[in-house]
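Step one of this worksheet: look at the structure below.
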Amino acid sequence: MGFDAIDVIITKRERGALSTAQIDWVIDAYTRGAVADEQMSSLLMAILLNGMDRREIADWTQAMIRSGERMDWSVLDRPTADKHSTGGVGDKITLPLAPLVAACGAYIPQLSGRGLGHTGGTLDKLESIPGWRASLSNDEMLGVIRAAGAVVCAAGSGLAPADKKLYALRDVTGTVESIPLIASSIMSKKIAEGTGSLVLDVKAGSGAFMKNVDDARELARTMVELGTDAGVRTVALLTAMDRPLGFAVGNALEVEESVEVLAGGGPSDVVELTVRLAREMLEAAGVRGAKDPEEALKDGSAMDAWRRMISAQGGDPDAVLPRAAEFVEIAAPESGVLAKLDALAVGVAAWRLGAGRARKEDPVSAGAGITLHAKPGDVVTKGTPLMTLHADETARFERALEALEGAYAIGEDGGDDLLPLVIDRITA
Ligand code: URA
């Protein structure tokens, strides 16, 4: 049935609920080009201001899924699991997590994205490994899963094309920050990807999409409902992003830190979150008698899965990773306890050093980024390095240093007002 775009816009402008038929029509007509950008912009703004109820969000998500292909992993003989993070600074968790969960008995078919703005993208990180390829056909994905248990690659253009078009429009019309639109955008891609179970890592804090815990909880709840309604076993953890995760921020730097975790070492926060998410994924996937993730990090089986996964996508797991040519150290201005290290400021500084991009088509530097030498709560001594900034050109340091002004504080004690690493767990 056809509708008039103006009637659909007015329904939402007047705080009405859109019918299933209206939603199906408007998403399909917009994807085909029969509803104009200016009409869709107006509808998106009405949704941002007036919201959508649970049924509308589920219909909106399903309509975006139907705009493209839905992947199917039923040929595989093990349960599938995936994780999605809403993004943060130093969030490299997918890199150790995917091979770890594969080593414990689930298959991971993960479609990932590139970074935009101050949060990094998993594909940008993996592309710092010489030879590694992000674009795979569906058959190649299946081959990598069979060889390594896990695949992390780019989503093809056939997956939720309505979301691609809508997200580009939201980006330029001030309509990104709507929980129904964010939740449906993320979940349309994850449900279309065909995973049987999904663990969401919804971050809260300055370096996250959602700055406060209440908004993050609402986003998590909305996504868990959407996954559950679509038959995907979905659970969410609310986690801290008021300070960076781990000590490394930047593409190759984060790969190095991830390999340390896979070798049984690495920073305690990265290890704790990786193991916690791995256990959640195995439980959601219903893997019986799974090896415990902590053991798989210690006995080398997660590292073996990582090496297979990287090699199966053309990468050399033994290659020396790119390094930036230039570096600058920031020393502690006084002795005491590092009381604050703001995630957003560190993310913006790493971005300005070249680790991130401002526009979709920009390249990123593999070696650029920041190595932290202390985290909030650590004792620091005047004159010793707090962090090292890495860039390909010295011209980049000035603006990165500007971003870090006021980003850290040293006191007599500190770190007490930090969010707990795992704030809450949300289930259906
Ligand atoms: N990531 C997405 O994929 N969609 C959004 O709307 C926001 C973040």
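What about residue 347, is it modelled with pLDDT under 95 and touching a strand residue (DSSP E or B) at 6+ places or on another chain (Cβ under 8 Å)?
Values: modelled with pLDDT under 95: no; touching a strand residue (DSSP E or B) at 6+ places or on another chain (Cβ under 8 Å): yes.
Taking the combined requirement at face value, the residue does not satisfy it.
Restricting the first residue to the range 414-427 and requiring it to be more than 12 Å from residue 216 (Cα to Cα), which pairs with a second residue that is open to solvent by less than 40 Å² (accessible area, probe 1.4 Å) and among the hydroxyl-bearing types (Ser, Thr, Tyr) meet a Cβ separation below 9 Å and a spacing of at least six or different chains?
Final answer for the pair search is 419/239; 420/239; 421/239; 422/239; 427/234.
Kindly list the number of the only condition in (1) open to solvent by 20 Å² or more (accessible area, probe 1.4 Å); (2) away from the ligand (no atom under 15 Å from the Cβ); (3) more than 30 Å from residue 243 (Cα to Cα) that fails for residue 161.
(2)
Say we look at the range 164-180 and pick out the residues that are among the hydroxyl-bearing types (Ser, Thr, Tyr) and open to solvent by 10 Å² or more (accessible area, probe 1.4 Å); which of these is nearest to the ligand (Cβ to nearest atom)?
Looking only at the range 164-180, we keep the residues that are among the hydroxyl-bearing types (Ser, Thr, Tyr), and these are 167, 173, 175, 178.
From what's left, open to solvent by 10 Å² or more (accessible area, probe 1.4 Å): 167, 173.
Numbers: 167: 6, 173: 13 Å.
Looking at residues that are among the hydroxyl-bearing types (Ser, Thr, Tyr) and open to solvent by 10 Å² or more (accessible area, probe 1.4 Å), I get 167.
Any residue in the range 93-116 that is open to solvent by less than 20 Å² (accessible area, probe 1.4 Å), under 25 Å from residue 161 (Cα atoms), within 16 Å of the ligand (Cβ to nearest atom) and out of contact with any helix residue (DSSP H, G or I) (no Cβ under 9 Å at 6 or more places or on another chain)?
No; the residues of the range 93-116 include none that is open to solvent by less than 20 Å² (accessible area, probe 1.4 Å), under 25 Å from residue 161 (Cα atoms), within 16 Å of the ligand (Cβ to nearest atom) and out of contact with any helix residue (DSSP H, G or I) (no Cβ under 9 Å at 6 or more places or on another chain).
Looking only at residues in the range 373-389 that are in contact with a helix residue (DSSP H, G or I) (Cβ under 9 Å, 6 or more places away or on another chain) and not in a loop (DSSP other than H, G, I, E, B), which one is farthest from residue 323 (Cα to Cα)?
Only one residue tops the list, namely 387.
For the range 181-221, which positions are surrounded by 21 or more Cβ atoms within 10 Å (Cβ to Cβ), more than 10 Å from the ligand (Cβ to nearest atom) and in a helix (DSSP H, G or I)?
Scanning the range 181-221 gives 191, 192, 216, 220.
Determine, yes or no, whether residue 348 is under 19 Å from the mean Cα position of the chain (by Cα) and part of a helix (DSSP H, G or I).
Details: under 19 Å from the mean Cα position of the chain (by Cα): yes; part of a helix (DSSP H, G or I): yes.
It is true that residue 348 is under 19 Å from the mean Cα position of the chain (by Cα) and part of a helix (DSSP H, G or I).
Would you check which residues across the range 1-22 are part of a helix (DSSP H, G or I) and not basic (Lys, Arg) and list them?
5, 6, 7, 8, 9, 10, 11, 20, 21, 22
What number of residues within the range 1-19 satisfy the criterion of being polar (S, T, N, Q) and open to solvent by 60 Å² or more (accessible area, probe 1.4 Å)?
0
Can you name every one of the helices (runs of 4 or more DSSP H) wholly within the range 228-321 that holds 1 or more residues which are at pLDDT 95 or above, outside the structural domain of residue 210 (by TED's automatic domain parsing) and under 30 Å from residue 207 (Cα atoms)?
Per the criteria, no element qualifies.
Across the range 23-34, what is the total count of residues that are open to solvent by 20 Å² or more (accessible area, probe 1.4 Å) and either part of a helix (DSSP H, G or I) or in contact with a His (Cβ under 9 Å, 6 or more places away or on another chain) (or both)? If you could, list the steps in order and put the result at the bottom.
Narrowing the range 23-34 to residues open to solvent by 20 Å² or more (accessible area, probe 1.4 Å): 24-25, 28, 31-34.
Now drop any that are not either part of a helix (DSSP H, G or I) or in contact with a His (Cβ under 9 Å, 6 or more places away or on another chain) (or both), which leaves 24-25, 28, 31-32.
Total satisfying the criteria: 5.
Identify, please: which residue in the range 117-132 is under 10 Å from the mean Cα position of the chain (by Cα) and among the β-branched types (Val, Ile, Thr) and is, among those, nearest to the ligand (Cβ to nearest atom)? Before the answer, list the steps.
Of the residues in the range 117-132, the ones under 10 Å from the mean Cα position of the chain (by Cα) are 119-122.
Subsequent filtering for residues that are among the β-branched types (Val, Ile, Thr) retains 119, 122.
Numbers: 119: 9, 122: 13 Å.
Residue satisfying both the conditions and the ranking: 119.
The values are calculated or read from the model by the stated rules, or taken from the named source; none is laboratory data. This one's a predicted model, so the numbers in the text were calculated from it and none came from an experiment. Please note: Cβ atoms are built from the backbone with ideal geometry, for glycine as well, and neighbour counts cover all protein chains shown. Areas reflect the complete protein model, heavy atoms only, side chains present, ligands, DNA and RNA absent. Shrake-Rupley method; radii C 1.70, N 1.55, O 1.52, S 1.80 Å.
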